[in-house]
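Bear in mind these aren't lab numbers, they're just calculated from the coordinates by the rules spelled out. This structure is a prediction, so every number in the text was calculated from the model and none was measured. Backbone-built Cβ (ideal geometry, glycine too); neighbour counts: all protein chains shown.
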Amino acid sequence: MCQGHKYRHARQSCCTGDSKSHLSKYTANNLLIMTLITLSPLSVFCLAELIENMDKKATWDRFYTETSSRTATFKNFEWFFGFDAVRDFIMPFLQTKSHPDALLQVLDMGCGTSALGPGIYRHSPAPVQVTCADISPIAVRLMQEHVQTQAVQPHNLSSKLEFVELDCTQLQRHYRTNVMDLIVDKGTTDALLRSKEGKVKASLVLKQCLKVLRSSGSLLQFSDEDPDARLLWLETEAQEQGVMAADVGVQEVGELRGVCYYCYQVTPRPVV
Ligand SMILES: C[S@@+](CC[C@H](N)C(=O)[O-])C[C@H]1O[C@@H](n2cnc3c(N)ncnc32)[C@H](O)[C@@H]1O
């Protein structure tokens, strides 16, 4: 349990939602800056620019170019934490389907150079098709090159892993409706919500996810945003009268370096 943290359900918090949201954003941005200073070679000036423009492809191309150029050998860059911190939240979703021959379809949305997607591919007992998608072709190329040199063996020999350049605000250009079993998002929606012009994109991404998810599928967002703010946002954005509805829940992932992290689960609900 995260120390000293209490949150109410979003529906009860609309009066205080704004101030809480600003407070959590302020705290989170400070942490983000600290994390990036520690982990990346970018200057403080560049960091301020990065935080405002985390919805832009050019920002991430530059980020991954600069971070990768500083080390001789490839190193995964993990936003918040790596696969091990979240595997217990993900594994229950990787169960065999009613069609034993079919691969479970998993999308790591905004994968960057994280080892999350490869971790799912490697550890899933059920056969999975893991697609790691990012808007930055630099991140995609780095990961493609990395897995080629690693030759990671999956737990289930039928599993597949691929990296694709993709703008997740346009998921439906690439996928039919009702095809994904699981979509994981570690820091991508956070990045969009925190950038100056990214809020509309964050909402679009959520709506696109709900369209491509199967009715039995789920979206998991790993985030440091306070549930008072995120649950309210999810509940509002995931509903469209007569078109779309979803169930929304939250679990604590735990505390790391004094910050509490959450796993938000969004599940499409049939529209009545
Ligand atoms: C905060 S980073 C998280 C990266 C990775 N998930 C991790 O855990 O380390 C956000 C990622 O989202 C990607 N991104 C931003 N906008 C995107 C979009 N519209 N479509 C796909 N990826 C996007 C960025 O390129 C970046 O890699």
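Computed 3J(HN,Hα) for the stretch 50-66, one whole-Hz value per residue from the Karplus formula 6.51 cos²θ - 1.76 cosθ + 1.60 where θ = phi - 60°, is 4, 5, 6, 10, 6, 9, 9, 4, 4, 4, 6, 4, 5, 4, 6, 5, 5, glycine and proline marked x.
Given +1 on the Cβ of Lys and Arg, -1 on the Cβ of Asp and Glu, and no further charges, what dipole in debye does the stretch 139-272 carry about its Cα centre, rounded to the nearest 20?
Result for the stretch 139-272 is approximately 480 debye, rounded to the nearest 20.
A simple rule links phi to the HN-Hα coupling: the Karplus curve 6.51 cos²θ - 1.76 cosθ + 1.60 with θ = phi - 60°, which for the stretch 120-125 gives 5, 4, 6, 9, 5, x Hz, with x for Gly and Pro. Under a 5 Å amide H cut-off, with hydrogens placed 1.01 Å from N, residue 104 pairs with 128, 129 among residues at least 5 apart or on other chains. Please report the net charge: other residues with Cβ closer than 11 Å to the Cβ of residue 259, K and R +1, D and E -1. Once positives and negatives cancel, what remains is -3. Across the stretch 245-252, coupling constants 3J(HN,Hα) worked out from phi with the 6.51/-1.76/1.60 Karplus curve, θ = phi - 60°, read 8, 7, 9, 10, x, 9, 10, 7 Hz, and Gly and Pro carry x. For the residue pairs 75/211; 57/211; 160/199, the alpha carbons lie more than 29 Å apart in 75/211; 160/199. Net charge of the neighbourhood of residue 57, taken over other residues with C-beta under 10 Å away and scored Lys/Arg +1, Asp/Glu -1, is -3. Close amide H partners of residue 132, meaning residues 5 or more places away or on another chain with modelled amide H under 5 Å apart, are 108, 162, 163, 164. Here the stretch 52-205 is treated as a Stokes sphere of Kirkwood radius computed over C-alpha pairs; at 37 °C and 0.692 mPa s its diffusion coefficient rounds to 205 µm²/s.
Each Lys or Arg adds one and each Asp or Glu subtracts one; over the other residues with Cβ under 13 Å from the Cβ of residue 121, this totals +1. The Kirkwood hydrodynamic radius of the stretch 216-272, based on inverse pair distances between different Cα atoms, is 12.0 Å. The amide H of residue 213, built 1.01 Å from its N in the peptide plane, has 178, 179, 180 as neighbours under 5 Å, considering only residues 5 or more places off or on other chains.
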